[in-house]
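To start, the structure under review is shown below, and the notes come after it.
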Amino acid sequence: MRKKILFSEVFILIAFTAFSQVEGDVTDDKNKGITNVVITATDSTGKTLDTVKTDERGFYFFLKLKPGKYKIEAKAPGFVNATHTIRVNTAPADSNDNDDTYYAETLDIILKRPKGIK
């Protein structure tokens, strides 16, 4: 009987876990979306947590990041790499939802071409 109680407590903790995501657009200095930019999320210990690519509009997102500080790095051929630091906050409580709650932080990135290249 005690095992069932422990299992139920673990299940409750998992069922109400809140996740955050980081999302944004990657554009050039003329505000045009850049396709296939490699975006990497690294935690405060230097561990790479996820790598994604931008879509045809330059949009990207990371799902299920825990609250904390992350380094977000963008790399694309023909552009200077860009690195930003973002703090992902705890998702606010949603009293109308018993499922996982998602909370989005937005980080738009502008990539510049090296000097002398247009």
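The values are calculated or read from the model by the stated rules, or taken from the named source; none is laboratory data. In this text the structure is predicted, and so the values were computed from the model without any measurement. FYI the Cβ positions are ideal-geometry reconstructions off the backbone, even for glycines, and counts take in every protein chain you see.
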Residue 73 - would you say it is within 18 Å of the chain's Cα centre (by Cα), within 21 Å of residue 33 (Cα to Cα), modelled with pLDDT of 90 or more and acidic (Asp, Glu)? yes
Among the residues of the range 18-39, which ones are surrounded by 20 or more Cβ atoms within 10 Å (Cβ to Cβ) and closer than 15 Å to residue 106 by Cβ? 20, 22, 24, 26, 39
Breaking point among (1) at pLDDT below 90; (2) at positive phi; (3) of a type outside the set (Gly, Ala, Ser), for residue 99: (2)
Select from the range 40-69 the residues that are touching a residue at least 24 places away in the same chain (Cβ under 8 Å) and of a type in the set (S, T, N, Q) and write down the one among them that is surrounded by the most Cβ atoms within 10 Å (Cβ to Cβ). 54
